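Asker: Below you'll find the structure I mean.
Read the figures in this text as sums done on the coordinates, not as results from a lab. Note that the structure is predicted; figures quoted are calculated from it, not measured. With ideal geometry, Cβ positions are generated from the backbone for all residues, glycine too; neighbour counts draw on all protein chains shown.
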Amino acid sequence: MLVFAKIKSVQQKIKSLKKGTSIGFVPTMGALHKGHLSLIERAKKENDIVVVSIFVNPTQFDKKEDLINYPKTIDKDLSLLKSVYCDLVFAPSSSEIYANNIKSENFEFDGLEFQMEGKFRDGHFDGVGTIVKRLFEIVKPHKAYFGEKDFQQLQIIRSLVKNYKIPVKIVPCEIYREDDGLAMSSRNARLTIEHRLAAPFIYKTLKKVKLKFGTENALDIVKWVENEFKKDPLLELEYFEIAEEETLQTIKNNNPKRKYRAFIAVFAGKIRLIDNISL
Ligand code: PAF
């Protein structure tokens, strides 16, 4: 496994690959878990080589504290990547990516950016768009893999690729869960023991929503979820929405031709967790 920190050297390596070599790309912010490894394993099956980037992107954090506390476990990450036979790792410094100008570009993502996470995390998607576009320019992958846990991010990246005509196929990957249903996330490592025990309630509630959807009115389901979370002092609901998958607009009336998902953001103590379920 080759590890590069410099843009020029990773680009040189990629340029030197035999013509026709297909490149699968998994962008990450490190603190890797089984969910990431499942994306890498899928990318291995579908491509000749797999490139993984590890970069904790400062411009997508709306809170400085969150950026400082984001887990950084590079040595462990590299040994995990070796264990799944990753071919190439790109782990640049912040100055390599942004030089002295740690700033996002401004994007329009077909209105997707104004929904859910966009309402609560100022500038987050401009930061994601900036880094993902930059990484795509550097790595030039044929396919790039994104987990559906960050479903809004996935749709934003699809919009980015479409609007900028970037020649990469975006591959969505199902949410990888712990045995008790908690969606895997690098943030889970920062949960206290009691919040970790409380957190599976999020997915349990989403599964009940799935059962209710179709027989109960969406507004009633929203109210039901809000009440469920009021009962648990360890979990604070930030938002719960049932939205259309393509536009991420809140459901108005259930159109059987459209696909819907329920989306949720919850604070477990200081840690913000998100999840979603297809309905
Ligand atoms: O999902 C993530 O880990 C990040 O948002 C990404 C896509 C690597 C961009 O920094």
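Asker: What area, in nm² and to one decimal, does the C-alpha convex hull of region 237-279 cast on average over all directions?
Answerer: It is 3.1 nm².
Asker: With each run of n ≥ 4 DSSP H residues scored as -39500 (n - 2.57), what mean residue ellipticity at 222 nm is computed for the chain after dividing by its residue count and rounding to the nearest 500 deg cm²/dmol? Before the final figure, lay out the partial values.
Answerer: Working: 11 runs with 107 residues, N = 279.
When only DSSP H runs of four or more count, the value is -11000 deg cm²/dmol.
Asker: First select every other residue whose beta carbon is under 10 angstrom from the beta carbon of N69; then total the charges, Lys and Arg +1, Asp and Glu -1.
Answerer: Working: positive: K63, K64, K72, R187, R190, K270; negative: E65, D66.
The answer is +4.
Asker: Using only Cα atoms, locate the centre of region 12-55 and the centre of region 117-153, then give the distance between them in Å, rounded to an integer.
Answerer: The distance from the Cα centre of region 12-55 to that of region 117-153 comes to 16 Å.
Asker: With unit charges on the beta carbons (Lys and Arg positive, Asp and Glu negative) and the dipole taken about the Cα centre of region 194-279, which residue among F201, F263, F213 sits farthest to the positive side?
Answerer: Positive-most Cα among the choices belongs to F213.
Asker: Kirkwood-based Rg over Rh for region 1-94 (C-alpha set), two decimals?
Answerer: 0.99
Asker: Put a dot 7 Å past each Cα toward the Cβ at D75 and L211; how far apart are the dots in nm?
Answerer: In this crude spin-label approximation the distance works out to 4.7 nm.
Asker: Right, here's the next one. Largest first and in whole Å, give the semi-axes of the chain's equivalent ellipsoid, each being the square root of 5 times a Cα gyration tensor eigenvalue.
Answerer: 33, 21, 18
Asker: Would you kindly derive the ³J(HN,Hα) couplings of region 70-78 from the backbone phi angles with the Karplus curve 6.51 cos²θ - 1.76 cosθ + 1.60 (θ = phi - 60°), listing them in order in whole Hz, with x for Gly and Pro?
Answerer: The phi angles translate into 4, x, 10, 9, 4, 5, 4, 4, 5 Hz.
Asker: If the only charges are +1 at each Lys and Arg Cβ and -1 at each Asp and Glu Cβ, what is the size of the charge dipole of region 1-108 around the Cα centre, to the nearest 20 debye?
Answerer: Dipole of region 1-108, to the nearest 20 debye: 440 debye.
Asker: While we're looking at this one, here's another question. How charged is the neighbourhood of F263? Take every other residue with its Cβ under 9 Å from the Cβ of F263, and add Lys/Arg as +1 and Asp/Glu as -1.
Answerer: -2
Asker: Per residue of region 7-12, in order, report the coupling 6.51 cos²θ - 1.76 cosθ + 1.60 (Karplus, θ = phi - 60°) as ³J(HN,Hα) in whole Hz, putting x for Gly and Pro.
Answerer: 4, 4, 5, 5, 5, 4
Asker: By how many nm would the segment from N255 to N227 grow when fully extended, if each residue of separation counts as 0.36 nm and the alpha-carbon distance is taken off?
Answerer: Extending this stretch completely gives an extra 7.5 nm.
Asker: Could you sort out which of K19/K143; K6/K270; K64/K103; K162/K212; K18/K44; K72/K103 sit more than 23 Å apart by Cα distance in this structure?
Answerer: Where the Cα-Cα span goes over 23 Å, the pairs concerned are K6/K270; K162/K212.
Asker: If the only charges are +1 at each Lys and Arg Cβ and -1 at each Asp and Glu Cβ, what is the size of the charge dipole of the chain around the Cα centre, to the nearest 20 debye?
Answerer: 900 debye
Asker: For the chain, what is the relative contact order in percent, using Cα pairs closer than 8 Å and at least 6 residues apart in sequence?
Answerer: Working: 452 pairs, mean separation 48.9, N = 279.
Across the chain, relative contact order equals 18 percent.
Asker: Could you derive backbone 3J(HN,Hα) for region 13-23 from the dihedral phi with the Karplus parameters 6.51, -1.76 and 1.60 (θ = phi - 60°), listing whole Hz in sequence and x where the residue is Gly or Pro?
Answerer: Rounded to whole hertz, the list is 4, 5, 5, 7, 5, 4, 4, x, 5, 8, 10.
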